[in-house]
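Shown next, in structure tokens, is the structure this report addresses.
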Amino acid sequence: FDETMADSKPLSFSCAPKNNKNPPRPARDFFPAKLYEMLEAVQRMDLYAAVTWLPHGCAFLVRDKRIFVTEVMPRFFKATKIRSFHRQLNLWGFHRL
């Protein structure tokens, strides 16, 4: 603890930008929201052969990695490699069953 810091003003942090050049991203742009949107959309797009919810609705299954990477991922994510997708899952606390 530095004594010079004892009399200084408290620090505050914000996720809001200081200028208006880069407004905060909408919540739908975050990975979990995109993942949910993708899982719901693949059912409507008949791509459930690639990825689908499990029956209990608390997990999902990538059934065909090739179709998932070539057909599904480019529509919903910037990542083009399955390893990048796995990294995002890990960063957000998802785990493999």
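Bear in mind these aren't lab numbers, they're just calculated from the coordinates by the rules spelled out. Only a predicted model underlies this, so the values are computations on that prediction, with no experimental measurement involved. As a convention, Cβ positions derive from the backbone with ideal geometry for all residues, glycine included, and neighbour counts pool all protein chains shown.
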TODO: Could you work out the local net charge near Arg96, counting Lys and Arg as +1, Asp and Glu as -1, over the other residues with Cβ closer than 14 Å to its Cβ?
DONE: +3
- [ ] Would you mind counting up the charge near Ala41? Only other residues with Cβ under 12 Å from its Cβ, with Lys and Arg at +1 and Asp and Glu at -1.
- [x] -1
